[in-house]
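Before any comments, here is the structure.
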Amino acid sequence: MYQLWHYYGEFAALGTWGILLALIRRVLFGRLCRDAAIEGSGGGPMRRAMALKYEKSAELGMEIRDVSAFVRRYLGQERRFRIRLPRWRTLPERWGSLALGAGFLEAVALHYLGYERIFCIDRFLAAAAAFALIRMTCLWFESGSLWEQAEICLVDYLANTLAPHRQHVREDFEEPPVQEEQAENPFALKKEEEQLFQEVLTELLSSPTQALNS
C-alpha cells in the first residue's frame, strides 16, 4: 500500500482536490441561486447589494440599457475564496485537465529517462483515472443550470421589479408641468378686451363731469 501511494499518491491528491472543487462549486452556486430567487424583503444579501448598485447608477445618471450585461458584470466582480465567480464555472474541469496533462508529460519524460514502459504507462493511467473521477463528479454535481437560473432571476428582478418601481417613484415625485397663465386664470382678459374695458370705464367716469359743466 505504501508503495502504491509512493508511486501514485500525487495523482490521488490531484483527483481528490478536483472532486473537492466540484463539491465546493455546487454549494456556492446553490447558495447563489437561492440568494437570487428568494422572495420578499429585497432578496438575499448579494441581491440587495446588486439592487443598491443598480439604484446608485441610476441616481448618477448612468442609464443601464442592457440589464443582462449589468448582472454578468456584477457577478464577474464577486469573489468566493478569493476566486471570481465566473472562474468557478470551469475551475474543476480545468483542474482535471491539468492533472491529465501533467500525467502525460511525466510519462513521456520518464520514458525518455529510461524507466520501464509499464511504469510510465501506469503513471499516465493514474492521471487519467484522476481526470475521469473529477469529470464524473462534475457531471454528477452539475452546476451550470444553477448559474443560469441565478442569472435569470437577477435579470428578472432588476428589469421587471426594481426598474418599474423606481420609474413609478420618480414620476410621483416629479413637479407638475408649468401651465400657461391663461390656463391658470380662466378669468384673465385679453389685451384687446382690457383696452376696451379701460376706454368704457373712462367714458363713464367722465360723463357726470361733462353734465355738470354743461
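The values are calculated or read from the model by the stated rules, or taken from the named source; none is laboratory data. Computed from a predicted model, the values in this text were never measured in an experiment. Cβ placement follows ideal geometry from the backbone for every residue including glycine, while neighbour counts extend to all protein chains displayed. Heads up: the accessible areas ignore ligands, DNA and RNA and are worked out on the full protein's heavy atoms, side chains in. Shrake-Rupley method; radii C 1.70, N 1.55, O 1.52, S 1.80 Å.
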Residues of segment 71-100 with backbone nitrogen within less than 19 Å of a virtual label 7 Å along the Cα-to-Cβ line of residue 31, please, listed as ranges.
74-92
Once amide hydrogens are built 1.01 Å from N within the peptide plane, the residues lying 5 or more places from residue 78 or on another chain with amide H under 5 Å from its amide H are 85
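Quick one: if the Förster radius is 25 Å, what FRET efficiency do residue 48 and residue 84 give, using the C-beta to C-beta distance and rounding to 0.05? Before the final figure, lay out the partial values.
On the way: r = 20 Å, r/R0 = 0.81.
Here the calculated transfer efficiency is 0.80.
Which order do 31, 26, 47 take by accessible area at a 1.4 Å probe, largest first?
Order by accessible area, largest first: 31, 26, 47.
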